[in-house]
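One structure below.
The values are calculated or read from the model by the stated rules, or taken from the named source; none is laboratory data. The shown structure was predicted, so the numbers you read here are calculated from the model rather than taken from an experiment. Note that we place each Cβ from the backbone using ideal geometry, even for glycine, and neighbour counts take in every protein chain shown. Protein only, heavy atoms only, side chains kept; ligands, DNA and RNA dropped before computing areas. Shrake-Rupley method; radii C 1.70, N 1.55, O 1.52, S 1.80 Å.
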Amino acid sequence: ENFLLKAGPAAFSAAAELGITIVLPTTSPPPLGIKGENDNDDISGKTWDFGTGAGFYLNATADDWKVNYNMYDYVVNELPAIVGEVSPATVGKKRSVTGHSMGGHGA
């Protein structure tokens, strides 16, 4: 949502003219009812560290989290496969990924 709001329609028009596909994946699964998943830890009432809305593209290892929080696998394996199915013209082409909080916390 962050890119979508900040870039606006001009970004999508420019991408279309250049033959670039823009995909806006989520940063985490929807709320799953895991204890602590939506704990608020800042004045905005949102948590950005873990759980819903987090921007860490890694696979969880804790028992309660590891079934659904596999964002590394999602970005590296699942998402490229889905994009290839939806937009076959992208298969075998150069691809790059950018997104919410990518590059932070030592990435």
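Note on region 86-107: residues that are at pLDDT 60 or above and over 18 Å from residue 51 (Cβ atoms) amount to 13. Here residue 45 clears all of (1) modelled with pLDDT under 85; (2) open to solvent by 50 Å² or more (accessible area, probe 1.4 Å) except the condition numbered (2).
Of all the numbered requirements in (1) modelled with pLDDT of 80 or more; (2) open to solvent by 60 Å² or more (accessible area, probe 1.4 Å); (3) touching a Ser or Thr at 6+ places or on another chain (Cβ under 7 Å), residue 71 misses one, and that requirement is (2).
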